[in-house]
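Report on the structure given below.
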Amino acid sequence: MRNYRYLFSPRAWRTPIGIASLLLGMVLLSACAVPAQPGPVPTLTAQPAVQAKATSTSIPATSPAVEDTPTPQTSPTPAAAACSNPAGLTPAMTEGPYFKAGSPERASLLEGQVQGMKLVLSGTVLDGDCKPVAHALLDFWQADSGGQYDNAGYIFRGHQFSDANGRYQLETVVPGLYPGRTEHIHVKVQAPNGPLLTTQLFFPGVVQNDSDGIFDERLLIQVQKNGDGMLGVYNFVVSAK
Ligand code: FE
């Protein structure tokens, strides 16, 4: 017992045995510290490898996904909320000479081998209180990509009805130009118990918008590219009474 007490007393460390013990302790401590040094080295070499993998895989993986995913989701959803009460009614526009009654009921005007840039136009029919109008009539007609109307048949003509949430979707092509006019799509919209609205929709960034006497920027479709085609959004606000 005495020996142990002696070892832990301050005097013991001033003896040669004490000094030797101190040196041994320091050697042991430094020996323990050595393995800690190589630790970070493999970690550092591992980090660049992880980063290299992350960059090489994430760039090709994310960039196509970013283009693919938002396209179908973003276009229809936010536009449906873009209405402030009381909403201004969609302006009326001249019917033009090419309307033809009796168009087939269909949501796609693409039949056979069509030329031109495909366009999916969608949106909501709302009333003046920004409430969706279910079962509203939408009757579309337009020129083909070469600027020609089909006056003998019903090519690029079709009507449909909005769904329970006032939503509609039309599959077509971007219409071509014809003399004196910019790109436009004709449409008649009518709530079940409302008056018939006749109007036209336009495309942003078309040079001929500036020289078309009846162009109205309130009737501009919001467009974005979608692969080889385009997505367009337009919400109609109509009187429902
Ligand atoms: Fe026209």
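Which residues, counting only those in the range 153-179, are on the phi < 0 side of the Ramachandran plot, touching a Leu at 6+ places or on another chain (Cβ under 6 Å) and part of a loop (DSSP other than H, G, I, E, B)?
Within the range 153-179, just 174 meets the criteria.
In the range 87-107, which residues are closer than 24 Å to residue 182 by Cβ and of a type in the set (Gly, Ala, Ser)?
Taking the range 87-107 first, the residues closer than 24 Å to residue 182 by Cβ are 88-100, 103.
Listed by number, the residues that qualify are 88, 92, 96, 103.
Against the conditions (1) open to solvent by 10 Å² or more (accessible area, probe 1.4 Å); (2) under 25 Å from residue 111 (Cβ atoms); (3) of a type in the set (A, V, I, L, M, F, W, C), where does residue 215 fall short? Just the number, please.
The one condition residue 215 does not meet is (2).
Which one of these is of a type in the set (A, V, I, L, M, F, W, C), surrounded by fewer than 17 Cβ atoms within 10 Å (Cβ to Cβ) and more than 16 Å from the ligand (Cβ to nearest atom): 152, 136? Give the derivation first.
On the way: 136 fails: surrounded by fewer than 17 Cβ atoms within 10 Å (Cβ to Cβ).
From the options 152, 136, the qualifying one is 152.
Could you tell me whether any residue of the range 187-209 is within 16 Å of the ligand (Cβ to nearest atom), outside any loop (DSSP other than H, G, I, E, B), open to solvent by 60 Å² or more (accessible area, probe 1.4 Å) and touching a residue at least 12 places away in the same chain (Cβ under 8 Å)? Break it down stepwise before answering.
In the first step, residues of the range 187-209 are kept if they are within 16 Å of the ligand (Cβ to nearest atom); the result is 187-188, 198-203, 206, 208-209.
Next cut, outside any loop (DSSP other than H, G, I, E, B) only: 187-188, 198-202, 208-209.
Cutting the leftovers down to open to solvent by 60 Å² or more (accessible area, probe 1.4 Å) gives us 208.
Applying the additional criterion that residues be touching a residue at least 12 places away in the same chain (Cβ under 8 Å) yields 208.
Yes: the range 187-209 contains one or more residues that are within 16 Å of the ligand (Cβ to nearest atom), outside any loop (DSSP other than H, G, I, E, B), open to solvent by 60 Å² or more (accessible area, probe 1.4 Å) and touching a residue at least 12 places away in the same chain (Cβ under 8 Å).
Looking at residue 216 and the list (1) within 15 Å of the ligand (Cβ to nearest atom); (2) within 21 Å of the chain's Cα centre (by Cα), which single condition is not satisfied?
For residue 216, the failing item is (2).
Of the conditions (1) crowded, with 18+ Cβ neighbours inside 10 Å; (2) in a loop (DSSP other than H, G, I, E, B), residue 231 clears all except one; give me its number.
Condition (2) is where residue 231 drops out.
The values are calculated or read from the model by the stated rules, or taken from the named source; none is laboratory data. Treat the numbers as computed from the prediction; the structure is a model and nothing was measured. Note: ideal-geometry Cβ built from the backbone for every residue, glycine included; neighbour counts use all protein chains shown. Accessible surface is based on the protein model in full, side chains and every heavy atom, while ligands, DNA and RNA are left aside. Shrake-Rupley method; radii C 1.70, N 1.55, O 1.52, S 1.80 Å.
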